[in-house]
Amino acid sequence: MSSKSKNQKKILCVVFLILGKLGLVVSSFGLLVAVFFHRAFDHWMLFRELAIFFVSISFLLIAAHVAGDGSYAKRLLKWLPLGVTSFACLGLAHFLGKLYLHRNPHHLGNYEFDLFLMSVVGFAFCLWCFYLESRKRFNESRLFIPSNPEISARRILKPGTRPYIALGILFGALALFLMCVGIRAGDIIGAAKIATAIIAMYGVLCLWFAGQRIIVGDDYIAFKKIFGRSARGIYFKDITKSHTHRLAEQYHPIFLEIYTGDSKRPALGIPLKPFKLGDVKWLLSMPELKFHK
């Protein structure tokens with residue numbers, strides 16, 4: 001490909017990227033205003049903003065395609081709800097601020113003031129989430145995805161029966177108590193619905209525990225969650241130190257944190273409570289984890 005074609009491709013990518021992001025900012029704010037202040041605008045505003053919103057997303061995806069970044073679409077869809085919320089909250093706060101200044105005397109109604117506070121809090125929350133994600137990506141820069149860990153692993157640790165029993169007792173007692181309260185109140189159907197929801201929550205937690213794996217290879221350690229498509233691992237040579245967190249049971253830590261470089265935040269965190277005590281003791285005895293006394 002000639003340099004002229006590359007420049008044209010780069011310019012096209014930048015144009016679509018700018019249009020997509022500007023459209024996303026404007027349409028996010030427009031959608032929120034159309035929802036909360038629909039009586040002050042025509043009924044077609046919501047549809048116009050929705051059209052701009054989807055066109056803006058299309059522009060961003062086109063920019064990613066032109067740039068050849070296949071992972072951009074995945075990141076966009078992952079952070080789209082948070083990005084839309086942050087843009088909308090910022091725009092709504094700006095709109096209400098201008099409304100406050102243009103009124104004489106300056107004032108906001110109770111409903112408007114609550115919306116202003118909600119938008120400020122929502123925007124601050126979104127910024128905090130973006131900050132945590134950036135820190136997480138920085139700390140995970142040394143992590144890798146091991147290939148065929150079930151075959152190449154030296155040992156794979158699986159959860160024991162303890163978390164299922166403990167959670168079963170807790171959720172079972174709660175479901176039984178609410179059932180008794182509902183039966184005494186005469187609402188058997190409502191009590192059955194609540195008990196079913198509690199049992200469903202117990203099932204989801206059991207499924208989450210059942211899919212966890214600690215994978216120890218010859219030169220790495222990795223952790224896999226049920227909702228993660230693959231394990232996230234770290235090489236022993238990159239580990240600088242490790243820490244454990246303990247509560248009542250000093251012999252069975254609840255969490256393992258593994259650090260790399262001089263970072264103050266762990267690169268890899270592994271919950272230990274779901275796993276068998278013997279497996280946990282074996283894991284924590286490994287000198288490769290570099291525990292500091």
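Looking at the stretch 241-293 only, could you name the residues that are out of contact with any Pro (no Cβ under 6 Å at 6 or more places or on another chain), closer than 25 Å to residue 206 by Cα and of a type in the set (A, V, I, L, M)?
247, 248, 254, 256, 268, 270, 277, 280, 283, 284
Being farther than 24 Å from residue 12 by Cα, at pLDDT 70 or above and assigned to a helix (DSSP H, G or I) narrows it down to one residue among 32, 101, 80; which is it?
Answer to the check: 101.
Consider residue 228 carefully, then state whether it is modelled with pLDDT of 85 or more, out of contact with any helix residue (DSSP H, G or I) (no Cβ under 6 Å at 6 or more places or on another chain) and loosely packed, with under 14 Cβ neighbours inside 10 Å.
Criteria not met by residue 228.
Take residue 257 and decide whether it is under 25 Å from residue 148 (Cα atoms), at pLDDT 85 or above and under 24 Å from the mean Cα position of the chain (by Cα).
Against the criterion (under 25 Å from residue 148 (Cα atoms), at pLDDT 85 or above and under 24 Å from the mean Cα position of the chain (by Cα)), residue 257 qualifies.
Taking residue 288, is it surrounded by 13 or more Cβ atoms within 10 Å (Cβ to Cβ) and of a type in the set (Asp, Glu)?
Judged against the criteria, residue 288 is a match.
Tell me the strands (runs of 3 or more DSSP E) entirely within the stretch 203-293 that contain at least 1 residues that are touching a residue at least 60 places away in the same chain (Cβ under 8 Å) and either among the β-branched types (Val, Ile, Thr) or farther than 18 Å from residue 157 by Cβ (or both).
213-216, 220-224, 232-235, 255-260
Before we move on, is residue 55 surrounded by 13 or more Cβ atoms within 10 Å (Cβ to Cβ), modelled with pLDDT under 75 and of a type in the set (A, V, I, L, M)?
For residue 55, the condition - surrounded by 13 or more Cβ atoms within 10 Å (Cβ to Cβ), modelled with pLDDT under 75 and of a type in the set (A, V, I, L, M) - is not met.
The values are calculated or read from the model by the stated rules, or taken from the named source; none is laboratory data. This structure is a prediction, so every number in the text was calculated from the model and none was measured. In this analysis, Cβ positions are derived from the backbone assuming ideal geometry, glycine residues included, and neighbour counts consider all displayed protein chains.
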